[in-house]
Amino acid sequence: MPEKEHLKIERKAGDNKYLHRDFHVSADIGIGYVGELYGDQGVKEYLTQYAESVHKPLAEEVKKSGLGVLEKYFHDIYAAEECEDRLTTRISGNTLTVSISSCPATEFMKKSGHTPSVWYKQTTETVYAVLAKMCGLSFSMKFYDEDTGAAEFTFSK
Amino acid sequence: MVSCTEFIPLYSELFKFLEKKGGKEAVVKYWETISDRYVEPRLGEEIRKNGLKGCWNYWYKSLNEEACEFTMEYDEEKNFFLIDMKGCPSKGMLLKRAYTEPYKDYCGHCDVLYKRCAARYGIEITCDLTECGEAKCKLFGRKVK
């Protein structure tokens, strides 16, 4: 008769890197759910609430210290996603241009068999437009490729 | 993109948004939906293939990727699976953000999501959330049929 299994592990917070890519799928399921129930306007309302609540400290810092803070924010999140090579940023005069060659979230979702919802692009378009407004900046989406999540957008004073 | 490292506040804000629209009932309905759409093909599939040990397989991946502080145990003979969460990074992240209130029953989602899915395969899950205000909880699973 095979021996019964007994498994036990103990982990401290610092033992692992915080990177649970499945959260991209969970995020999109939530956005899609709001879209199904409340439509485009509901998704905008939800993501506006999110941006206003979560990006408050970032916006304060941008207002105080300028576009470089925003540029660093993008580098930090792409570094956390281990995809900094997909991000190019440039500050010229009063404008920060952000270019993304392909979105790590879109890629992960597709690889794991989840098709991003039609509202997923709002995590760029709405969230960054609200962030820009909170920073006293204007936001312009130059392009967004729904297939790969490649995008280019600007924040201007 | 909302980075996967920014997901937890997005999730918490979703619960607040849904409650504003339709009360707690709307939030619980969402938890049941995500249990069916997200947890079922992952945890459900593991349990279907491996029984109670499927719980170990599922949470081994997610708790390590979420950099949790925890002890996890699976005992086939004694018929139990236990997560003793000593530092939940999700709740911990929300508690650290003094500028925004987390959804008041944020931890309630764990109780609904996993219990609902595991019950389909004869696994009973119970959660002890009495210390969730300190980002600590316990999840206990056992095979009942």
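No value in this document is a laboratory result; all are computed from the given coordinates. Everything numeric in this text was worked out from a predicted model, so none of it was measured. Cβ placement follows ideal geometry from the backbone for every residue including glycine, while neighbour counts extend to all protein chains displayed.
Side notes on the structure shown:
- Peptides ranked, highest mean first, by Cβ atoms within 10 Å: ranges A:103-114, A:56-67: A:103-114, A:56-67
- Additional length obtainable on full extension of the chain from A:E82 to A:V118, 0.36 nm per residue less Cα span: 10.4 nm
- Sequentially through the range A:144-156, phi angles give Karplus couplings (6.51, -1.76, 1.60; θ = phi - 60°) of 8, 9, 5, 6, 10, x, 4, 7, 9, 8, 10, 10, 10 Hz, Gly and Pro residues having no value and appearing as x.
- With the simple spin-label model, which puts each label point 7 Å out from Cα in the Cβ direction, the B:K145 to A:K63 separation comes to 5.9 nm.
- The mean number of Cβ atoms from other chains found within 10 Å of a Cβ in peptide A:123-134 is 1, as a whole number.
- For the pair A:M1 and A:K17, label points projected 7 Å from Cα toward Cβ lie 4.6 nm apart.
- Cα gyration tensor, chain A - rounded (a/c under 1.5), prolate or oblate: prolate
- With the highest mean first, a sort of the peptides B:53-66, B:122-135, A:1-14 on other beta-carbon atoms found within 10 angstrom per residue produces B:53-66, B:122-135, A:1-14.
- Cα→Cβ-extended label distance, 7 Å offset, between B:T5 and B:K78, nm: 3.8 nm
- Rounded tilt (10° steps) of B:53-65 against the dominant C-alpha axis of chain B: 40 degrees
- Close Lys pairs in the range B:87-145 (alpha-carbon distance under 20 Å; sequence gap of 8 or more, or different chains): 12.
- Cα long-axis angle, helix A:22-54 against chain A (0 to 90 degrees, to the nearest 10): 30 degrees
- If you count Lys pairs in the range A:45-157 whose Cα atoms are under 24 Å apart, skipping same-chain pairs closer than 8 places in sequence, the total is 25.
- Between the Cα long axis of helix A:67-80 and the first principal axis of chain A there is an angle of about 20°, rounded to the nearest 10.
- In straight-distance terms, cross-link reach from B:K29 covers every one of the aspartates and glutamates whose alpha-carbon lies under 15 Å from its own, apart from those fewer than eight places away in the same chain; here that gives A:E36, B:E19, B:D105, B:D111.
- Test item: A:42-53 mean partner chain Cβ contacts at 10 Å: 4
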